[in-house]
1. Find the helices (runs of 4 or more DSSP H) located wholly in the stretch 18-132 whose residues include 2 or more that are under 36 Å from the mean Cα position of the chain (by Cα), and list them.
2. Is it true that some residue in the stretch 591-602 is modelled with pLDDT of 90 or more, over 18 Å from residue 425 (Cβ atoms), in contact with a Ser or Thr (Cβ under 8 Å, 6 or more places away or on another chain) and not in a helix (DSSP H, G or I)?
3. What are the pairs, 6+ residues apart or on separate chains, where a residue within the stretch 336-361 that is assigned by TED's automatic domain parsing to the domain that holds residue 258 and farther than 19 Å from residue 522 by Cα has its Cβ under 9 Å from a residue that is of a type in the set (Asp, Glu) and part of a loop (DSSP other than H, G, I, E, B)?
4. How do the strands (runs of 3 or more DSSP E) wholly within the stretch 434-550 filter down when requiring 3 or more residues that are over 24 Å from residue 606 (Cα atoms), touching a strand residue (DSSP E or B) at 6+ places or on another chain (Cβ under 9 Å) and not assigned by TED's automatic domain parsing to the domain that holds residue 581: which remain?
5. What number of residues within the stretch 33-92 are free of Cβ contacts under 8 Å to residues at least 12 places away in the same chain and within 25 Å of residue 206 (Cβ to Cβ)?
6. Working only within the stretch 502-530, note down all residues that are under 18 Å from residue 464 (Cβ atoms) and surrounded by 13 or more Cβ atoms within 10 Å (Cβ to Cβ).
7. Are any residues in the stretch 380-400 within 26 Å of the chain's Cα centre (by Cα) and modelled with pLDDT of 90 or more, and if so, which ones?
Amino acid sequence: MAFRMSLDDAVQFVPGVGPGRAKAFAKLGVTTVEDLIEHFPSRYDLSPKSIPIEDIEEGQVATIVGELRRLRSRGSLTKQRVTATLEDGTGKCHIQWFHSPYLLDKLHEGQVVRLTGKIVVLEDRAKLTNPKWQAMDDECDALEGDEEVWNPVYPANQQLTSAQIKRIIVNVIDDVVELIAEFLPPDLLHRRNLPSRRLAILRYHKPLSPSDVNVSRRRLAYDELLLCQLAVQMGRAQAHQSRGAVPLPRSETVDARIRQRLPFKLTPGQDNVIEEICTDLARDVPMSRLLQADVGAGKTAVAVYASLVAVANRKQVAMLAPTEVLAAQHFQKFTSYLSDSKVKIGYLAGSLSKQKRTSALDEIRSGQVDIVIGTHALIEQSVDFSDLGLVIIDEQHKFGVAQRAALSAKGRRPHTLVLTATPIPRSLAMTLFGDLDASVIDDAPPGRQPIVTTLVTADVETRAWKFIRDLIAIGQQVYIVYPLVDESEVLPLKAATVEVSQLAREHLAGVKVGLLHGRMKPAEKQQVMAQFRSGALPALVATTVIEVGLDVPNATVIVIQHAERYGLSQLHQLRGRIGRGSKKSYCLLFSDTNNPKSKERLNILCQSTDGFHIAEQDLLLRGPGELLGTRQHGLPTFKVADLCRDIHLLQQARDDAAKILRDDPKLKKSQNRELQRELNRRHSASQTLIRVG
């Protein structure tokens, strides 16, 4: 009897589900029939082709298929075993499972099963102990012989096993798949040599060969990437067509005045991105630009330049930083560049006293402040701007979509500049920032030397500390980074609060050592950083609170304890705290890991200082969710597509999306109507795209 339901029906009405399992499915994101058939396998286990029992040999790992006979439970409660005989018409094989009494509820005499295990022959009788087993659905096919079987393994949970999910899906897929509509235009299917979506879904759940898996996966991944690119490019086009921003032109006089304010000559890379930014600012279309630059390449100077262009046009600027340490440093830099100018710079953070906060809010509201630098406090409801014209978001991946939008909403379609010192791999940039115009500072300030990065194991630690003491003796400074603030009973790792006194007694005896971590009060943090900047503290023990933005040119060494605990991109960010002056700098990765993958990651860092190359490698090793943080930072969730392995497919999808939208910008033509419906269905539910403003 056919399964008669719509794709929108609740999953609990699917045979074999019911209210209880529906709750378990909901935890997996499956609430409808459509969700169920789009709950795709995460991998496949290969069951080899079975062989007749008469052909099996001693010591062979074999797969046999037959009927169970003489199924028994033997032994005591503590030494219980389940025994049976498997017959296939050519011979018999004795089977035994130890410590598996539950099998008596799963198996029964006369049942056809597929068993895989190592063959032992005793007294001319074949025997299998604790074999893997699989119940066969079609007895005739199973007994007549079979080919290799690709068994799908599904994302599961404690309430629902992969095997249970498979049975439920396989029982209904043949009928339900007929309800699936094709949404790709025929010419696109033909040009990209893609199967129908209906066939792809069927064969992804019930593959007949490895080719079925590969071909189906390609179609389903392409669908996700194409829909994502359509959403991104339509959003980008809408932003470019929108009006309402106040143009902020730059004159030659303004350019000359800004350059006089900077205590250094801008690099060609900085000049190039400044021209791109100023072109955007001069239009009545709100700028949405992403500025990428490797650590130490000079993003802050570009942000100062853009801010002063806005101020020259009598507009306010808001700069949002993820931490008070970074916000305070930006405030200090802006203040030093503009120390004797008429530009008023404000600061807003959670640590301000009530009196200072009230005063700051009044100055922002009245327009007395031209540039406001702050933390999340900037996006609170009580903050009102007189005339906000430019929003700058620093370290964008630290903020959620709603937070960025909330700040932009405080102005009338302000221009937006998004900064990141975390290089974004090309596949992520195309997906995550496709609606932003991208600029890259591709050079570094002159005079900076490459950082020497070395892996330090326990046998050379003593020499490493002597090397550090020698550098401190000639006036240079060092960061020592630990993964924990306090000691943990669970993790056998060194902690900053414990090691700071240990270092002062042993490896850095006689050296003044400071401490900086996220749990300290803001005033304490500022005091420690001021001492370190001035050189009063030769050594600073810290956690990853120093990861972004801190700029102390005299700091030439960074020690990263338990370096294997960090991702490559984070290690590269930490390394960026040094090498900011003209002196040679050293990054020492302390690690005793024996894990080959961890060693591989650390060696990549030792061999390269190219942040974009490192980010690509980090993406390959860890995946996009862990690299950026899927939930918080707006990365689309794909069920099938993989941004590490599908970069070429992503490029095809981007090109195809561009072609479709050139011919039909609103997807109104008849051949694109199903595509538009699918885009509308998925966009709100699964495509969380970063869009500022």
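1. 18-27, 33-37
2. Yes - at least one qualifying residue is present in the stretch 591-602.
3. As it stands, the answer is 342/370; 343/370; 344/370; 345/370; 361/384, since those pairs meet every condition given.
4. Where strands (runs of 3 or more DSSP E) fall fully within the stretch 434-550 and carry at least 3 residues being over 24 Å from residue 606 (Cα atoms), touching a strand residue (DSSP E or B) at 6+ places or on another chain (Cβ under 9 Å) and not assigned by TED's automatic domain parsing to the domain that holds residue 581, they are 437-441.
5. 0
6. 502, 503, 504, 507, 508, 511, 513
7. Selection gives 391, 392, 393.
Table: residues versus (1) more than 30 Å from residue 177 (Cβ to Cβ); (2) under 29 Å from the mean Cα position of the chain (by Cα); (3) at pLDDT 95 or above.
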| site | (1), (2), (3) |
| --- | --- |
| 207 | no, no, no |
| 218 | no, yes, yes |
| 222 | no, yes, yes |
| 231 | no, yes, no |
| 273 | yes, yes, yes |
| 282 | yes, no, yes |
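The values are calculated or read from the model by the stated rules, or taken from the named source; none is laboratory data. These numbers come from a predicted model, not from an experiment. Counting neighbours? That spans all protein chains shown, and the Cβs are built from the backbone with ideal geometry, glycine included.
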